[in-house]
Amino acid sequence: MSNFEWTKKDIIVIKDGYHYTFIAPYNDYDNVSLDLRNFIKQDEIYNFAVDSKIDKNKLIIIYVNRSLDLILCIKSKSDYKAIKIESMDKQFVYSIYPKLWITNLSYYIYIDHYLYKVDKQTLEIERILSDINGIPSISISGNVIYKNDINYISVVMSKANKKLFLVPRYSSLQSWGSNKDIFILSLNDKIENMTLSGNHNYTVVKPSYGDLKFEGDLGRFKIVRFIPDSGEEPFIDWALWFESIKDGVEYKYYHYYMYDSLTNHFYELPSQLLGFFSHKNELITGYSGEVNLEAISQLIHIGY
């Protein structure tokens, strides 16, 4: 079933290497497709180490170049900025693949245990965290939740850092929940939708031989899929089989679903959206924001 309703701020992104398709489902699935390499001035992206989002009428690209410099690129119809965030030391770097968030006031960039904050107005750069274990989750208001190197779940709101509680070593933070007081944590044998005070809201569907991966955050709704631990889909997964019968949703590995973090329900993606998805190498993700796809489509003809 697929009976959730899109909002004006829901943005879906289909990624295929350097090719990104941005979709606004609320506006009759209006969309624009871009090759990000066309917007990088006299530079070259290193080995697909790139992420991109749209911020109103601006295209925002974060990438690592062949010199292992982390670069933030901001492109609009009338302006182009390329800002060096950091030089990555290839002897010590854990991962060269950046992740970008856009909040009301800032751009957040995560790479290799580090989280950077760039003020939208002043473009001032600040490294705000350096002990992150796994990818953090950042809300549209700029609240940051992450697991640190000593297995505490911590939250950062403005400049206040509050340790919450110790979690098992092999647990992993998945996402913020439906609001700033709820988050989702994956454990060895279950996935918990819980409050910051440690109370359990729901146990989320978890496969027998894999995990639930959160690919996109639209606020209350998350884009998710089940990923097998071995990389190969098992012949049968009894946990998914049982939950499929109970919930009336056919749960399959590698298929995309919309998860409602408020009600703990899963929904199949609408066929209109899946029509943009042509092969398994593409990744579907999403975020909450404001986009002007008409202004972004004009950048195709301008280039850099």
Quiz item: List the pairs whose first member sits in region 163-185 and is on the phi > 0 side of the Ramachandran plot and in contact (Cβ under 8 Å) with a residue 12 or more places away in the chain, whose second member is surrounded by 14 or more Cβ atoms within 10 Å (Cβ to Cβ) and assigned to a loop (DSSP other than H, G, I, E, B), and whose Cβ atoms are under 7 Å apart, counting only residues at least 6 apart or on separate chains?
Solution: none
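Mind listing just one residue for me: the one in region 224-246 that is in contact with a Ser or Thr (Cβ under 6 Å, 6 or more places away or on another chain) and outside any loop (DSSP other than H, G, I, E, B) and, of those, least open to solvent (accessible area, probe 1.4 Å)? Quick ask: steps written out before the conclusion?
Within region 224-246, the first condition is being in contact with a Ser or Thr (Cβ under 6 Å, 6 or more places away or on another chain), and the residues that meet it are 237-239.
Those left that are additionally outside any loop (DSSP other than H, G, I, E, B): 238-239.
Working: W238: 142, A239: 28 Å².
The extreme case among them is A239.
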Quiz prompt | Lone unmet requirement of (1) among the β-branched types (V, I, T); (2) modelled with pLDDT under 95; (3) open to solvent by 30 Å² or more (accessible area, probe 1.4 Å) for I125 | solution = (2)
Practice problem: Please enumerate the residues belonging to region 179-191 that are surrounded by fewer than 18 Cβ atoms within 10 Å (Cβ to Cβ) and touching a strand residue (DSSP E or B) at 6+ places or on another chain (Cβ under 8 Å). | Solution: K180, D181, K190
Exercise. Please specify each residue of region 47-85 satisfying the condition of being among the charged types (D, E, K, R) and over 19 Å from the mean Cα position of the chain (by Cα).
Key: R66, D69, K75, K77, D79, K81, K84
Quiz item: Any idea how many residues of region 250-261 are surrounded by 16 or more Cβ atoms within 10 Å (Cβ to Cβ) and either among the hydroxyl-bearing types (S, T, Y) or at pLDDT below 95 (or both)?
Solution: 6
Quiz prompt | Single match in I85, I14, I96 (criterion: within 30 Å of Y256 (Cα to Cα), modelled with pLDDT of 95 or more and either part of a strand (DSSP E or B) or open to solvent by 10 Å² or more (accessible area, probe 1.4 Å) (or both)) | solution = I14
Quiz item: From the list S130, S78, S106, which residue is out of contact with any strand residue (DSSP E or B) (no Cβ under 6 Å at 6 or more places or on another chain) and not acidic (D, E)?
Solution: S78
Quiz prompt | Failed item in (1) in contact (Cβ under 8 Å) with a residue 40 or more places away in the chain; (2) assigned to a strand (DSSP E or B); (3) open to solvent by 10 Å² or more (accessible area, probe 1.4 Å), with D211 passing the rest | solution = (1)
Self-check item: Filtered residue count, region 262-304, keeping only those that are free of Cβ contacts under 8 Å to residues at least 40 places away in the same chain, part of a strand (DSSP E or B) and within 26 Å of D43 (Cα to Cα)
Solution: 0
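Each row is one residue, and each column tells you yes or no for (1) more than 18 Å from the chain's Cα centre (by Cα); (2) more than 15 Å from I11 (Cα to Cα); (3) at pLDDT below 95.
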site	(1), (2), (3)
I227	no, yes, no
G231	yes, yes, yes
D237	yes, yes, no
L274	yes, no, yes
S278	yes, yes, yes
E282	no, yes, yes
L293	yes, no, no
Quiz prompt | Single match in K77, K56, K90, K41 (criterion: surrounded by fewer than 20 Cβ atoms within 10 Å (Cβ to Cβ), at pLDDT 95 or above and of a type in the set (K, R)) | solution = K56
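So that you can scan it fast, the table gives a plain yes or no per residue for (1) of a type in the set (F, W, Y); (2) farther than 26 Å from C73 by Cβ; (3) more than 21 Å from the chain's Cα centre (by Cα):
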site	(1), (2), (3)
K99	no, no, no
I102	no, no, no
D112	no, no, no
S141	no, no, no
I145	no, yes, no
I150	no, yes, yes
D181	no, yes, no
I184	no, yes, no
Practice problem: Kindly indicate whether any position in region 78-85 is in contact with a Leu (Cβ under 6 Å, 6 or more places away or on another chain) and either under 16 Å from G289 (Cβ atoms) or β-branched (V, I, T) (or both). | Solution: yes
Practice problem: Filter region 158-207 down to the residues that are part of a strand (DSSP E or B) and of a type in the set (G, A, S), then identify the one that is nearest to R127 (Cα to Cα). | Solution: A160
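The values are calculated or read from the model by the stated rules, or taken from the named source; none is laboratory data. Small disclaimer: the values here were computed from a predicted structure and weren't measured. Cβ: placed from backbone, ideal geometry, glycine included. Neighbour counts: every protein chain shown. Surface accessibility is based on the protein's heavy atoms, side chains included, excluding ligands, DNA and RNA. Shrake-Rupley method; radii C 1.70, N 1.55, O 1.52, S 1.80 Å.
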